[in-house]
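Shown next, in structure tokens, is the structure this report addresses.
The values are calculated or read from the model by the stated rules, or taken from the named source; none is laboratory data. Owing to the predicted nature of the structure, the values given are computational and were not obtained by experimental measurement. Neighbour counts are summed over all protein chains in view; Cβ atoms, including those assigned to glycine, are modelled from backbone coordinates with ideal geometry. Note: accessible area is taken over every heavy atom of the protein model, side chains too, but ligands, DNA and RNA are not part of it. Shrake-Rupley method; radii C 1.70, N 1.55, O 1.52, S 1.80 Å.
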Amino acid sequence: MRRLGLSTVLGLLLAVFGLAPSASAADPAPAALTFSTDAATTTPGGTVKLSMTITNNRTYDVLFIYQTIEPTWLTTQRPDLKYSFTGCTLATAADSTPCAGTGPNNLGPNYGATIPPGQSRTVTLTLQVAADSGCNGNIGFYSYFYAEFNDATNTSGGPVFTPQTRVLCA
């Protein structure tokens with residue numbers, strides 16, 4: 001009981017004199033990856049543009065990015081669904097160019113790293129649904145993402161799983 005009282009008094013003194021650790025706002029993610037689509041629905045024969053934007057929130061350059069995009073398990077279980085990625089572009093503050101990487105299986109090279117602090121890069125894939133495709137439900141994707149910075153750190157010590165992106169096919 002005596003030790004508890006001493007600890008309480010010491011903690012109170014530190015707080016009164018401003019020596020106690022203060023609460024602070026959480027730091028932003030070192031590199032944030034966001035997804036968007038240009039349409040929430042599509043039809044057989046239609047296209048949807050799926051954009052992925054990486055923002056460098058660190059004070060160091062992003063030197064390397066690894067990212068894949070894969071259909072969700074439920075999407076792969078629909079034998080009537082036929083689609084493909086038919087295009088890929090990289091948008092920077094200056095312009096838009098065709099992707100330089102290997103396409104939707106390895107999107108990392110497409111971001112054109114190095115990405116300076118505070119800047120963003122957007123890769124946009126064109127999803128083409130076949131004209132003879134079945135269409136009753138969502139087309140879902142998930143992404144595996146990893147970035148390295150020039151201060152020898154990476155995103156929170158390992159890969160980051162991004163949220164699924166869904167497009168309603170009706």
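Of all the listed residues (Leu74, Leu63), the sole one being over 19 Å from the mean Cα position of the chain (by Cα), among the aliphatic types (A, V, I, L, M) and open to solvent by 50 Å² or more (accessible area, probe 1.4 Å) is Leu74.
For the structure I just gave you, tell me whether Thr122 is open to solvent by less than 50 Å² (accessible area, probe 1.4 Å), at pLDDT 80 or above and among the hydroxyl-bearing types (Ser, Thr, Tyr). The answer is yes for Thr122.
The condition (being more than 30 Å from Glu148 (Cβ to Cβ), in contact with a Gly (Cβ under 9 Å, 6 or more places away or on another chain) and of a type in the set (Ser, Thr, Tyr)) is satisfied by just one residue among Thr72, Thr47: Thr47.
Contact annotation: residue pairs with Cβ atoms under 7 Å, 6 or more positions apart or on different chains, pairing a residue in the stretch 140-169 that is over 27 Å from Thr75 (Cα atoms) and modelled with pLDDT of 80 or more with a partner that is surrounded by 15 or more Cβ atoms within 10 Å (Cβ to Cβ) and basic (Lys, Arg), are Phe149/Arg58. In the stretch 77-103, what residues are exposed (fewer than 15 other Cβ atoms within 10 Å of the Cβ) and of a type in the set (Phe, Trp, Tyr)? Scanning the stretch 77-103 gives a single hit, Phe85.
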